[in-house]
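Student: The structure follows.
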Amino acid sequence: MTFQELVNKRQSNRAYLKKHVEKEKIIQCVEAAHVAPSACNSQPWKFIVVDNPELKSKVAQATSNRLLPLNHFTNQAPVLIVIINEGSNFTATLGNKIKNRNFSLIDIGIAAEHFCLQAEELGLGTCMVGWFKEKELKVLLNIPENKRPELIITIGYPDDEHRKKKRKSLEKIMTYNKY
């Protein structure tokens, strides 16, 4: 598959088959994320693979609530990947302060997409989830107080059809040389 075919095929899957995801495939996805670029090579991420069914269920419950019907699909995914912000190295942290920008969040986004593209190539589906109860997640996964979970990625064999992407036209999102 060409790169263009891969990025067109990759989507946020919200339904999964009850099928085990091979450890080797998860490792391949983490390896793809591991080589993502980061500001000043700080590599500000740690990946927690949650595949224990009881713990996974509790983590999935931390992604939704009764008021907003979000993320109930997370319990279907056989594996959840929690990405922890480990913080930037000294140089990137200095850049954060000077530029008033959190480079580690950008870096984690790049690594997460590397993860998801690798998963897609392996026939797996993913969905990035940013809505979760952070304090609850920290307790469940024994995350140190000074670290922050930034993203959860569901991963499994998809049980939903590939959808045609609806995107704004290039004319609406791209200009040359000025806004």
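Student: Would you please list the contacts, defined by Cβ atoms under 6 Å and residues six or more apart or on different chains, that run from a residue in the range 72-83 that is among the hydroxyl-bearing types (S, T, Y) to a residue that is part of a strand (DSSP E or B) and buried (at least 22 other Cβ atoms within 10 Å of the Cβ)?
Tutor: T74/T154
Student: Scan the range 86-104 and tell me whether some residue there is surrounded by 13 or more Cβ atoms within 10 Å (Cβ to Cβ) and within 16 Å of I153 (Cα to Cα).
Tutor: No.
Student: Among the hydrophobic types (A, V, I, L, M, F, W, C), within 19 Å of L141 (Cβ to Cβ) and touching a helix residue (DSSP H, G or I) at 6+ places or on another chain (Cβ under 8 Å): which single residue out of I84, I48 fits that description?
Tutor: I48
Student: Considering the range 41-96 alone, what residues qualify as being within 19 Å of the chain's Cα centre (by Cα) and of a type in the set (V, I, T)? Before the answer, list the steps.
Tutor: Pass one, the range 41-96, residues within 19 Å of the chain's Cα centre (by Cα): 42-52, 55-64, 70-88.
Across the range 41-96, the qualifying residues are I48, V49, V50, V59, T63, T74, V79, I81, V82, I83, I84.
Student: Consider only pairs whose beta carbons are under 8 Å apart and that are at least six residues apart or on different chains; among these, list those whose first residue lies in the range 49-66 and is farther than 16 Å from T126 by Cβ and whose second residue is surrounded by 20 or more Cβ atoms within 10 Å (Cβ to Cβ).
Tutor: A62/F132; A62/L137; S64/N71; S64/T74
Student: Specify which of the listed residues (T126, T93) is polar (S, T, N, Q) and out of contact with any helix residue (DSSP H, G or I) (no Cβ under 8 Å at 6 or more places or on another chain). Break it down into steps so the answer makes sense when it comes.
Tutor: On the way: T126 fails: out of contact with any helix residue (DSSP H, G or I) (no Cβ under 8 Å at 6 or more places or on another chain).
Answer to the selection: T93.
Student: Then there's this: What's the number of the only condition in (1) in contact with a helix residue (DSSP H, G or I) (Cβ under 8 Å, 6 or more places away or on another chain); (2) surrounded by fewer than 15 Cβ atoms within 10 Å (Cβ to Cβ) that F3 fails to meet?
Tutor: Looking at each condition in turn, F3 falls short on (1).
Student: Which one is surrounded by the fewest Cβ atoms within 10 Å (Cβ to Cβ), of the residues in the range 122-141 that are more than 22 Å from P69 (Cα to Cα) and in contact with a Phe, Trp or Tyr (Cβ under 8 Å, 6 or more places away or on another chain)?
Tutor: Out of the qualifying residues, it is G123.
Student: Failed condition for P144, given (1) modelled with pLDDT under 95; (2) surrounded by fewer than 14 Cβ atoms within 10 Å (Cβ to Cβ); (3) under 21 Å from Q43 (Cβ atoms), with all others met?
Tutor: (1)
Student: From the list Q76, Q61, pick out the single residue that is surrounded by fewer than 19 Cβ atoms within 10 Å (Cβ to Cβ), touching a strand residue (DSSP E or B) at 6+ places or on another chain (Cβ under 9 Å) and of a type in the set (S, T, N, Q).
Tutor: Working: Q61 fails: touching a strand residue (DSSP E or B) at 6+ places or on another chain (Cβ under 9 Å).
Just a single option satisfies the conditions, and that option is Q76.
Student: Here is a follow-up. Taking A33 as meeting all but one of (1) small (G, A, S); (2) at pLDDT 95 or above; (3) not in a helix (DSSP H, G or I), write down the number of the exception.
Tutor: Condition not satisfied by A33: (3).
Student: Name the helices (runs of 4 or more DSSP H) wholly within the range 63-167 that hold at least 2 residues that are out of contact with any His (no Cβ under 7 Å at 6 or more places or on another chain) and within 19 Å of V21 (Cα to Cα)?
Tutor: Details: elements: 90-99, 103-121, 134-141.
Once the helices (runs of 4 or more DSSP H) in the range 63-167 are filtered for at least 2 residues that are out of contact with any His (no Cβ under 7 Å at 6 or more places or on another chain) and within 19 Å of V21 (Cα to Cα), what remains is 103-121.
Student: Tally the residues that are free of Cβ contacts under 8 Å to residues at least 24 places away in the same chain, of a type in the set (V, I, T) and touching an Asp or Glu at 6+ places or on another chain (Cβ under 8 Å), restricting the search to the range 111-149.
Tutor: Within the range 111-149, residues that are free of Cβ contacts under 8 Å to residues at least 24 places away in the same chain, of a type in the set (V, I, T) and touching an Asp or Glu at 6+ places or on another chain (Cβ under 8 Å) number 0.
The values are calculated or read from the model by the stated rules, or taken from the named source; none is laboratory data. Fair warning: this is a prediction, and the values are worked out from it, not measured in the lab. Counting neighbours? That spans all protein chains shown, and the Cβs are built from the backbone with ideal geometry, glycine included.
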